[in-house]
Amino acid sequence: MRPRRSTRSRRKPAAEQKARLQSCTSPARMVCYDKQKRRRVAMGLSSVDPVTKLELHEVLSRFCWAIDHDDTGEWEQLFTIDARYAKSGMDPIEGRAGIMRIPGDLRAKSGGNWRHHFTNIIVDRAASGREMKVRAFLTVRDCMDCAPVASADCVILMRRTDHWRIAGFEAVSVCKGAGLPRPAASESETRVH
């Protein structure tokens, strides 16, 4: 009986395998074409590269820091000039100039004690090659007593200019809290996806 060869010795180095794969043929299909084997290879659930995901995560982290610390200089850099900001219970704000009021208004309302946290972050390609659609869960807590203030499902449109910026932000409240009123059933059905 012949001894079996280890599968480890037959594996190609990661760099060599990566070189064989062409870029994804379609973000919707999430497959790549393997040039050597001449067949399509599944890429997993996302076709967005890890570097882009990390850059978008950083934008969300800077969003939380800027809004919690009333850092208007940082806040301004996060949004495109034509950005749209909407959350349930308030009229949408169009343009960066209007969005600039949000950190100060929130700090006055919270006494500087609220902290924003994004979790369950999902990054997908948008229709435009310069845009990404980010879905995330936002939790707002009062850091004095750790009580939840609000939570919302967020859909964020990111656009690549000189760096990634928020072009559209929509938050739909999912739990009743002091900050965001719970939307009516018809409101939650009209979310932008």
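Here, each number is a calculation from the coordinates, and none is a lab measurement. Keep in mind that this is a model prediction, so the values were computed, not measured. Cβ coordinates were reconstructed from backbone atoms using ideal geometry, including for glycine residues, and neighbour counts include every protein chain displayed.
Residues whose amide H comes within less than 5 Å of that of G95, counting only those at least five positions distant or on another chain, are A83, R84, Y85 (H built at 1.01 Å from N in the peptide plane). Sorting the segments 130-138, 108-116 by their residues' average number of neighbouring beta-carbon atoms within 10 angstrom, most packed first, yields 130-138, 108-116. Take the Cα of L45, step 7 Å toward its Cβ, do the same at I121, and the gap between the two points is 1.5 nm.
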